[in-house]
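Remarks on the structure that follows.
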Amino acid sequence: MAKKKRLRLIAEMARKIRAYRELKSRPRESQKYALDYETMKRPHTGKTLPVLAWEDVRRESRLFSLLAGMKTFGLGRLFTRKSWIEEHPAEPSYWQISKVKVDYTAENMDHGKAWGILNFKGNKETEVKEIDQVMYHDWRLIPKHLEHQFTDFKPLPAPPPRSVTYPPLLRAMILAQQRKTGTMIEEPALPLERQVTLNKDYFKMKEQERRNREGTPV
């Protein structure tokens, strides 16, 4: 008969207490991402921000620094980032805020978590996701009179595929031949368009074909 397993209630309770104390002692985001703007160091970790980020830290704002001064914490408004504007000037990217959870223990209530719908380079997602990198100093509020420039943008259609994969058997034969000859290249693909090299011989051939069709003048 199998021996009945004894329940160690005290050990289980001690484990739960340790887990609860670790959770309570975990630093809040307002403590973790606090910054001394004179030394550019985070007091909690003692790490110094990269020198290239100092200019943005002094001139730009974090997401919750903008949300804290807005009515209903910016629900429904659009926010973009300086890095997106610089990297994709012709393809607008932004977050639309749908939910905000503020850390009320922060001094200016400028920390917390936010959720929204991402529209990256004109491709709008349908699922609400948590916004990452809210502590970065490059967030910008899109004014209401400019929102239509972001929301009315239509991305260009994706170009048609120029190649397709080979059938499984033919692909396996090509890969086996490459291994045999020792000339391993990228994944073999079958081009959908005729590859033409525009050199002198090509134009001479086209001219000869034209003459053959039209015939020689009498």
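The values are calculated or read from the model by the stated rules, or taken from the named source; none is laboratory data. Treat the numbers as computed from the prediction; the structure is a model and nothing was measured. Cβ coordinates were reconstructed from backbone atoms using ideal geometry, including for glycine residues, and neighbour counts include every protein chain displayed. These area figures cover heavy atoms from the full protein model, side chains too; ligands, DNA and RNA do not enter into them. Shrake-Rupley method; radii C 1.70, N 1.55, O 1.52, S 1.80 Å.
When only the Cβ of Lys, Arg, Asp and Glu is charged (+1, +1, -1, -1), the dipole of the chain relative to its Cα centre reaches about 1600 debye. For the stretch 156-188, backbone nitrogen atoms closer than 14 Å to the point 7 Å from TYR202 Cα along Cα-to-C-beta are found at no residue. Taking θ as phi - 60° and the Karplus parameters 6.51, -1.76 and 1.60, the scalar couplings of the stretch 52-63 work out to 5, 8, 4, 5, 5, 4, 7, 9, 9, 10, 7, 4 Hz in sequence order, x denoting glycine and proline.
In the chain, with Lys and Arg counted as +1 and Asp and Glu as -1 at Cβ, which of these residues, LEU49, SER25, ALA158, has the Cα nearest the positive end of the dipole, that is, farthest along it? So the residue we want is SER25.
Taking label positions 7 Å along the Cα-Cβ direction at both LYS24 and ALA172, the computed distance is 6.3 nm, reported to one decimal. Taking packing as the residue-averaged number of other Cβ atoms within 10 angstrom, the listed peptides 171-182, 62-73 run from highest to lowest as 62-73, 171-182.
With a Cα cut-off of under 23 Å and a minimum spacing of 8 residues unless on different chains, the lysine pairs in the stretch 10-61 number 4. For LYS121, the residues whose modelled amide H falls within less than 5 Å of its own, excluding neighbours fewer than 5 places apart on the same chain, are SER93, TYR94. About its Cα centre, the stretch 139-209 has a charge dipole of approximately 160 debye under the convention of +1 per Lys or Arg Cβ and -1 per Asp or Glu Cβ, with nothing else charged.
Taking the Cα centre of the stretch 58-120 as origin and assigning +1 to Lys and Arg Cβ atoms and -1 to Asp and Glu Cβ atoms, the resulting dipole is close to 160 debye. For the pair LEU75 and ALA11, a Förster radius of 45 Å applied to the C-beta separation gives a FRET efficiency near 0.45, rounded to the nearest 0.05. Residues in the chain average 81 Å² of solvent-accessible surface per residue, probe 1.4 Å, ligands and nucleic acids excluded. Note on ARG179 and GLU107: their simple-model spin labels are 6.5 nm apart, each label 7 Å out from Cα toward Cβ.
Taking 20 Å as the cut-off, the amide N atoms of the stretch 55-79 that come nearer than this to a point 7 Å along the Cα-to-beta-carbon line of THR151 belong to 67, 70-79. Go ahead and run the numbers for FRET between LEU118 and GLU209, Cβ-Cβ distance against an R0 of 41 Å, rounding to 0.05. The calculated FRET efficiency here is 0.15.
Of the accessible area of the chain, computed with a 1.4 Å probe over protein heavy atoms only, carbon and sulfur atoms account for 55 percent.
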